[in-house]
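Asks: Next up is a structure, given as structure tokens.
The values are calculated or read from the model by the stated rules, or taken from the named source; none is laboratory data. Since we're looking at a predicted model, the values are computed, not measured. Positions of Cβ are backbone-derived with ideal geometry, glycine not excepted, and every protein chain shown enters the neighbour counts. Ligands, DNA and RNA are stripped out before the accessible areas are found, and what is left, the full protein with its side chains, is counted by its heavy atoms. Shrake-Rupley method; radii C 1.70, N 1.55, O 1.52, S 1.80 Å.
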Amino acid sequence: MKDLTMEKIVNYCKQYGFVYQGSEIYGGLANSWDYGPLGKEIKENIKRAWWKKFIQEERNSFGIDAAIIMNPQVWVASGHVASFSDPLIDCKACKSRHRADKLIEDFTEGKETGDGWDNKKLEKFISDNKVPCPKCGKSDFTGIRQFNLLFETHMGVTEDSSSKVYLRGETAQGIFVNYNNVLRSGRAKIPFGIGQIGKAFRNEITPGNFIFRTREFEQMEYEFFCKPDTDLEWHAYWKQKCLDFLKEVGLKEENLKYRDHSPEELSFYSKATTDIEYKYPMGWGELWGIADRTDYDLSVHEKHSKTELRYLDPETNEKYIPYVVEPSVGVDRLFLALICDAYDEEEIAEGDTREVLHIIPSLAAYKVAVLPLVKKYHSEKALEVFNDLSKHFMTTYDESGSIGKRYRREDAIGTPWCITIDDETINNGTVTIRDRDTMKQETIELSKVIEYIKERINF
Ligand code: GAP
């Protein structure tokens, strides 16, 4: 669809129950969003698809679910307490607050990202180029201050510094601290991977673009432990695997691209980092980061925890700290990409358009809708069918309004198949099954419906 705007997607998500504004009846909370009945289903399906691809189908792959609140020393060791921060700048004229690198990125329309620049370089660029404040248009800023993104809270009854803990800023650290546990209990051998899905929290200065950048979000992270000097090969392997996955879940190839980090932008410990970007309505944005993190994470945790985090190669008797390749993707960003990619407004006849979500059946919120043709005559049988199908799939039932209007609603929410229950069902045991994408209808035996749907979904 041409000219898809974020506003359209936000309204669509709200109207049909995918995503609502958080705490809406209290006037909302800035940039907080709640997933509604349809959004929750799609989100679970996304997570299931990722888990299948990265944990279930991958040999030597283990899934964990670590605590959100961890020993605060974890975040000291990882470097988050000292340097997980954004460069903050205030407009002296209108007092609005901005991320300095974001100001530059927007001003140069993405030609400069400011990533990896120190404060001096950012300040110089802003003053040399008279970068304007996006709110008031003046170019009169304070100096830059670093703003730490970790959310702090307190554990226990007192609120002194000894009780300070953090909400995790990424799920990855839960994996690193469990490296030894999984190695031992899983009898793992290098190379192997550990994945987890869970919430992460960042006190972002400039959240926005709907669920693209929020303060509370969900990540699907995978840490792949390998022998030093094999890391670049594995980096290439995971880059490809992630792109393949995105295409498998239905994203269009033309809306995806790799972006390699320049040497300037790379974290000091990383040998290579590539983002897979998606063409969102507001422009290209990072969807998935694939980073070669070398032996940085396990080394710092070994040092701070004073616990050996090495691997003893059973064949060569060599002992080393494994290198790590990390593909990390946000569930919410993938959700947004999938909705934007699948949403369409199609002209189906002169002057007649339909809203449709061409999401792949495996990810669709409902797999099938059961629709009695005439409520009075067919609802009893239709409810019987609903009871059978709902044991196998998320099934919806709708008996109100004309059949045409009910089809349209199912198209709009992405239900791949509608089953109409009519006299033929009662007399001959057949149903009409309608395909969302082609809008074609065929008659099949009711007893074959489950098999028909199962054949067409893969996770
Ligand atoms: N462990 C590495 C790590 O966390 P990151 O690039 O900061 O790397 C990984 O985050 C992914 O998490 C991003 O590619 C993005 O999909 C998602 N993500 C990061 N910050 C986010 C935010 N504020 N809101 C929504 N998703 C976010």
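Asks: Jot down the per residue volume, in cubic angstrom and as a whole number, of the convex hull over the alpha-carbon atoms of region 11-118.
Replies: 250
Asks: Which distance in nm do the two modelled labels at Glu24 and Asn387 give, with both placed 7 Å along the Cα-to-Cβ direction?
Replies: Those two pseudo-labels are separated by 3.4 nm.
Asks: Find how much the distance from Arg145 to Tyr452 grows on full extension, using 0.36 nm per residue of separation minus their present alpha carbon separation; answer in nm with one decimal.
Replies: 104.6 nm
Asks: Describe numerically, in nm with one decimal, the distance between label points set 7 Å from Cα along Cα→Cβ at Arg59 and at Glu308.
Replies: Simple spin-label model gives 2.8 nm for this pair.
Asks: In the structure displayed, which of Lys271/Lys303; Lys8/Lys405; Lys43/Lys241; Lys239/Lys454; Lys367/Lys440 lie more than 24 Å apart, Cα to Cα?
Replies: Over 24 Å apart, Cα to Cα: Lys239/Lys454.
Asks: For Asp115, what residues show an amide H to amide H distance below 5 Å, using hydrogens built from the backbone and excluding near sequence neighbours?
Replies: Under 5 Å from the amide H of Asp115: no residue qualifies.
Asks: Something else about it: At Thr438 and Lys271, where each label point lies 7 Å from the Cα along Cα→Cβ, what is the point-to-point distance in nanometres?
Replies: In this crude label model, Thr438 to Lys271 measures out at 4.9 nm.
Asks: Right, next: Provide the gained length on full extension for the span Glu380 to Ser161, in nm with one decimal, where the gain is 0.36 nm per separating residue minus the Cα-Cα distance.
Replies: 72.5 nm
Asks: Something else: Output the 0 to 90 degree angle, nearest 10, between the alpha-carbon long axis of helix 375-389 and the longest principal axis computed from the alpha carbons of the chain.
Replies: So the inclination is approximately 40 degrees.
Asks: Something else now. Rolling a 1.4 Å sphere over the protein heavy atoms, what is the accessible area per residue of the chain, to the nearest Å²?
Replies: 49
Asks: Could I ask something else about it? Counting C-alpha atoms alone, how compact is the chain: give Rg to one decimal and Dmax as a whole number, in angstrom.
Replies: In Å, with Rg to one decimal and Dmax whole: 25.4, 80.
Asks: Amide H of Ala364 versus every other amide H placed in the peptide plane: which residues, excluding those fewer than 5 positions away on the same chain, fall under 5 Å?
Replies: none
Asks: Could you check how much of the accessible area of the chain is carbon and sulfur, as a whole percent, using a 1.4 Å probe?
Replies: 48
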